[in-house]
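Read-outs: derived from the displayed coordinates by stated rules, not from any lab. A quick note: this is a predicted structure, and the numbers were derived from the prediction, not measured. Positions of Cβ are generated from backbone atoms using ideal geometry, with glycine treated the same way; all protein chains shown enter the neighbour counts.
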Amino acid sequence: MKKILFSMLVCLLCTGVQAQKMAKISATATGYSGKIIDFEFIDNIANNQQFPFKDNQLMEFEVELKEPSLMKVNAWLWMIVCPGDDIQMHVTFKGTSYREVEFKGTPSAVALNSAIRDGRMVRINDHYKTNPLAAVVTQVPVNTYYEACQRNWKKEQEILEGVRDQVDPFAFAYIYAELEGMYLDNLFKYPFVVSDVCKKKIEECIPEGYWNVLDGYQVKNDKASLKSFAYIGWLIDYVEYRERREAYRAGKTYAGPQNMEEMYEKLAQTYDGDTRDAVLYLFLYKAIAEQQDFNVIGKLSKDYFKKYNRNKQFRKELSEMQK
């Protein structure tokens, strides 16, 4: 019996070791006019790194990862780092603006991050017409914006599909959901941004096809997609989109939730399982970050912990934020 228990313990320890792998990042940069290069891990800030900038100076570090992680460099360059990756990269800046990046190293990492880079260039070459704030400042018409979003999103999907078979499936699903969350949230919000900034009635700002483009939409519930903050954020806004669509089709005026408690209940009723857990976590996280009513946040957090929380890391983070 002791031998069996010892064997099981060894297996568990080995599994734990295999589950965590080191990833190595080696980077150089040129043309930057700032002082610091930031490597920021979106879903694990403990891995964040900073280096003083000097032309072509090697910046090198290792991080221990259980699963693929989204990282951004100086806010502009986005990439995925997987356990076991060895990535070499050279970033070119002009002043403080990112210009281009070249990758070498683990073939799957090179393939996926090159695809992410090329997809980002689609937006840059379109002069950020799909960024809501940039678009409203430059007075991009709602129909033009709507068409640009769908066109650019399709291009980025095609670029990613071109490397699907070469890359880590979890990492692929993660970045795919990240793009979906970004584009759908932008499509949903832009008419309301235009209405608010240009002082127009919302009815005048709705593009053709807006109320049926998401008919039959299937919410993602896989672990990789639910790791994407952009996608979870979209799921919060998707509840409002659905209710506005129902009101529009019924010829009624939309009456949304009047307070934090009502919105919390709507989210809890709309989703279930891991999806509900992730959505309520981000909802409460944002409420804390925005310093909303902490008495209400405390009450809702207790309800969330008791009824819906599955991911213990979510509970830990929210509890730490409220100390």
ask   = Among K200/K299; K66/K286; K220/K316; K189/K299; K200/K286, which pairs are too far apart, with a Cα-Cα distance over 32 Å?
value = K200/K299
query = Where the centre of each part is set by its Cα atoms, how far does the range 29-69 sit from the range 228-288, in angstrom?
reply = 35 Å
request  = Could you tell me what percent of the DSSP beta bridges with both partners in the chain are antiparallel, to the nearest 5?
outcome  = 75 percent
note = With the charge dipole of the chain built from beta-carbon charges (+1 for Lys and Arg, -1 for Asp and Glu) about the Cα centre, the Cα from N152, V140, Q57 projecting farthest to the positive end belongs to Q57
ask   = Amide H to amide H, which residues 5 or more places from D43 or on other chains are under 5 Å from it, using H placed in the peptide plane?
value = L70
request  = Name the most mobile residue of K35, K54, K189, meaning the one with the largest mean-square fluctuation, in a Gaussian network model of the chain with Cα contacts below 10 Å.
outcome  = K35
ask   = Counting only Cα, what are the radius of gyration and maximum Cα-Cα distance Dmax of the range 11-121, in Å?
value = 14.3, 52
inquiry  = Spelling out what I want: for every residue of the range 179-185, take phi, set θ = phi - 60°, compute 6.51 cos²θ - 1.76 cosθ + 1.60 (Karplus), and round to whole Hz; glycine and proline get x.
reply    = 5, 4, x, 5, 5, 5, 5
task = Do me a favour and compute the ellipsoid semi-axes for the range 204-253 from its Cα gyration tensor, root of five times each eigenvalue, largest one first, whole Å.
result = 25, 11, 10
Cα-Cα P(r), the chain, percent of pairs per 20 Å interval = 26, 56, 17, 1
inquiry  = Using only the alpha-carbon atoms of the range 188-323 as identical scatterers, what base-10 log of I(q)/I(0) does the Debye formula give at q = 0.10, 0.11, 0.21 Å⁻¹?
reply    = -0.38, -0.46, -1.31
query = Could you work out the helix-only [θ] at 222 nm for the chain, with each DSSP H run of four or more residues adding -39,500 (n - 2.57) and the total divided by the number of residues, to the nearest 500 deg cm²/dmol?
reply = -17000 deg cm²/dmol
query = Rounded to a whole number of µm²/s, how large is the Stokes-Einstein D of the range 252-291 at 25 °C and 0.890 mPa s, given Rh as the Kirkwood radius over C-alpha pairs?
reply = 224 µm²/s
message = Need one number: the % of Cα-Cα pairs in the range 257-323 sitting beyond the 16 Å mark.
response = 37 percent
